[in-house]
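J.: Right, I'll just put the structure down here and ask away after.
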Amino acid sequence: DPRLQAVAEARLEALLAGPGAKAGVGQGAVVALDANTGAVRAMVGGRDYRDTQFNRAADARRQPGSVFKPFVFLAALEAGMRPEDAVSDGPLTLGAWSPGNGQWRPRGEITVEDALAHSVNTSAVRVLARAGGPRAAIAAARRLGVDGRLPNDASVALGTGEAGLLDLCAAFAAFANGGYRVEPHGIASAAAGAGRALPVPRAAPRRVMEPAQAGAMRDMLEAAVS
C-alpha cells in the first residue's frame, strides 16, 4: 500500500531523528500487515537503503523483550489460568537471578490481565511457572510462527531469546484475528502473459488457538493499550 509505506518511512525517520538521536539509536524497522490474511501492507527495513541494504524487518534477530510475554500468557491460559486469576507481583529470586520490575510498586497480588497490561516482570515469571515452564511458552510461540533461538529457562518470560520483527507481527496477528496463524507475504499474484494474472500459492490461515483463548488474549492486549 503506497500510502501506508510512505507513512511508515516518514514516521520511522521522524522517530530516529528525534527520540532515536537522543538515545543513540540510528536504525529501526517497521512492519504492518493484514491480520486476517498476512498480506504485508508496509515494510521498512532500515533508515536509508542507500546507506545499508540489510533488511532489519525481515532478517534481523533481536531480543523481543516484553513483546514475548503474550506467548507466555497464552500458554498459561491453555494450562487453565484465567485473566481474572490472581498472581503475586512481589520480589522474586530464582537461584542467582532476581528479575526487577522497574518503577512498578508491588501491590501484593494483581490479576493476570493487569500483569500483562502493566508488563510486570516478576508476575510474568510466575505466570510462566503456572503455564508449565519455558517449554510451554516456547511451544506456544513456535506454534504462532516465532522463529529464532529461545532459552529454555525462566528468563524467556522477559524475552531474552531472539526473534524477527516480521515473524513477531505475523504471530501477533493470531491474537487479533481470532486465533489463526497467517503467512506473511508481499505478492498477491504474478503475471502469466497475455494479461493473465495467476495467484501465488500460499498456506491458508490455520487455527492455532481456541476461540475463547484468542478472545481472552485480545482483551488483555487491549487492556495493555488502554
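The values are calculated or read from the model by the stated rules, or taken from the named source; none is laboratory data. In this text, all values refer to a predicted model and were calculated from it rather than measured experimentally. All Cβ positions, glycine included, derive from the backbone under ideal geometry; neighbour counts span all protein chains shown. For accessibility, only protein heavy atoms count, side chains too; no ligands or nucleic acids. Shrake-Rupley method; radii C 1.70, N 1.55, O 1.52, S 1.80 Å.
J.: Test of understanding: among Arg135, Arg142, Arg126, Arg130, which residue is among the charged types (D, E, K, R) and buried (at least 20 other Cβ atoms within 10 Å of the Cβ)?
T.: Among Arg135, Arg142, Arg126, Arg130, only Arg126 is among the charged types (D, E, K, R) and buried (at least 20 other Cβ atoms within 10 Å of the Cβ).
J.: Filter region 190-211 down to the residues that are open to solvent by 80 Å² or more (accessible area, probe 1.4 Å) and among the hydrophobic types (A, V, I, L, M, F, W, C), then identify the one that is nearest to Ala75 (Cα to Cα). Walk me through it before giving the result.
T.: Quick first cut of region 190-211, residues open to solvent by 80 Å² or more (accessible area, probe 1.4 Å) only: 191, 194-196, 198-199, 201-202, 206-207, 210.
Filter again for among the hydrophobic types (A, V, I, L, M, F, W, C), leaving 191, 194, 198.
Values: Ala191: 43, Ala194: 50, Leu198: 39 Å.
Filtering first and then ranking leaves Leu198.
J.: Looking at region 161-206 only, could you name the residues that are under 26 Å from Pro151 (Cα atoms) and either among the charged types (D, E, K, R) or over 15 Å from the mean Cα position of the chain (by Cα) (or both)? Spell out how you get there, then give the answer.
T.: Step one: filter region 161-206 for residues under 26 Å from Pro151 (Cα atoms), giving 161-175, 179-184.
Glu162, Asp167, Arg181, Glu183 - these are the residues of region 161-206 that are under 26 Å from Pro151 (Cα atoms) and either among the charged types (D, E, K, R) or over 15 Å from the mean Cα position of the chain (by Cα) (or both).
J.: Can you name every residue in region 36-73 that is more than 28 Å from Arg207 (Cα to Cα), open to solvent by 40 Å² or more (accessible area, probe 1.4 Å) and small (Gly, Ala, Ser)?
T.: Within region 36-73, no residue meets the criteria.
J.: Could you grab me the full set of residues in region 64-88 that are in contact with an Asp or Glu (Cβ under 8 Å, 6 or more places away or on another chain) and without any contact (Cβ under 8 Å) to a residue 60 or more places away in the chain?
T.: Glu84, Ala86, Val87, Ser88
J.: Hey, another quick one. Keeping to region 89-116, report how many residues are touching a residue at least 24 places away in the same chain (Cβ under 8 Å) and within 24 Å of the chain's Cα centre (by Cα). Talk me through it step by step, then tell me what you get.
T.: Step one: of region 89-116, the residues touching a residue at least 24 places away in the same chain (Cβ under 8 Å) are 89-92, 94, 97, 99, 110-116.
After this cut, where a residue has to be within 24 Å of the chain's Cα centre (by Cα) as well, the list is 89, 99, 110-116.
Residues that pass the stated criteria total 9.
J.: Shifting gears a bit: Go through (1) touching a strand residue (DSSP E or B) at 6+ places or on another chain (Cβ under 6 Å); (2) at pLDDT below 95; (3) not hydroxyl-bearing (Ser, Thr, Tyr) and name the single condition Val112 misses.
T.: If we test Val112 against (1) touching a strand residue (DSSP E or B) at 6+ places or on another chain (Cβ under 6 Å); (2) at pLDDT below 95; (3) not hydroxyl-bearing (Ser, Thr, Tyr), just (2) comes out false.
J.: Next question, about the same structure. Tell me which strands (runs of 3 or more DSSP E) are completely within region 16-103 and hold 1 or more residues being over 23 Å from Leu158 (Cβ atoms), or say none if there are none.
T.: Result: 30-33, 40-44.
J.: Do we find that Arg206 is touching a residue at least 40 places away in the same chain (Cβ under 8 Å) and touching a strand residue (DSSP E or B) at 6+ places or on another chain (Cβ under 9 Å) in this structure? So that I can check it myself, show each step before the final result.
T.: Working: touching a residue at least 40 places away in the same chain (Cβ under 8 Å): no; touching a strand residue (DSSP E or B) at 6+ places or on another chain (Cβ under 9 Å): yes.
So Arg206 fails the test.
J.: Conditions first: (1) surrounded by fewer than 17 Cβ atoms within 10 Å (Cβ to Cβ); (2) farther than 30 Å from Ala204 by Cβ; (3) out of contact with any helix residue (DSSP H, G or I) (no Cβ under 8 Å at 6 or more places or on another chain); (4) not polar (S, T, N, Q). Gly26 passes all but one, so which condition is the exception?
T.: Tallying (1) surrounded by fewer than 17 Cβ atoms within 10 Å (Cβ to Cβ); (2) farther than 30 Å from Ala204 by Cβ; (3) out of contact with any helix residue (DSSP H, G or I) (no Cβ under 8 Å at 6 or more places or on another chain); (4) not polar (S, T, N, Q), Gly26 fails exactly one: (3).
J.: A further question on this structure: Checking Gly159 against (1) within 18 Å of Ala117 (Cα to Cα); (2) open to solvent by 70 Å² or more (accessible area, probe 1.4 Å); (3) not acidic (Asp, Glu): exactly one of these is not met. Which one?
T.: The number of the failed condition is (2).
J.: Now for a separate question. Going through Gly20, Gly90, Gly80 one at a time, which residue ends up being over 25 Å from Gly186 (Cβ atoms), loosely packed, with under 12 Cβ neighbours inside 10 Å and not hydrophobic (A, V, I, L, M, F, W, C)?
T.: Working: Gly20 fails: loosely packed, with under 12 Cβ neighbours inside 10 Å; Gly90 fails: loosely packed, with under 12 Cβ neighbours inside 10 Å.
It is Gly80.
J.: What number of residues within region 217-226 are assigned to a helix (DSSP H, G or I) and loosely packed, with under 15 Cβ neighbours inside 10 Å? Show your work before the answer.
T.: At the first step, the residues of region 217-226 found to be assigned to a helix (DSSP H, G or I) are 217-225.
If we keep only those that are loosely packed, with under 15 Cβ neighbours inside 10 Å as well, we get 219, 222, 225.
Adding up the residues that qualify gives 3.
J.: Right, another one. So Ala214 ticks every box in (1) without any contact (Cβ under 8 Å) to a residue 40 or more places away in the chain; (2) out of contact with any Pro (no Cβ under 9 Å at 6 or more places or on another chain); (3) open to solvent by less than 30 Å² (accessible area, probe 1.4 Å); (4) of a type outside the set (Val, Ile, Thr) but one. Which box is left unticked?
T.: Going through the list (1) without any contact (Cβ under 8 Å) to a residue 40 or more places away in the chain; (2) out of contact with any Pro (no Cβ under 9 Å at 6 or more places or on another chain); (3) open to solvent by less than 30 Å² (accessible area, probe 1.4 Å); (4) of a type outside the set (Val, Ile, Thr), Ala214 breaks only (1).
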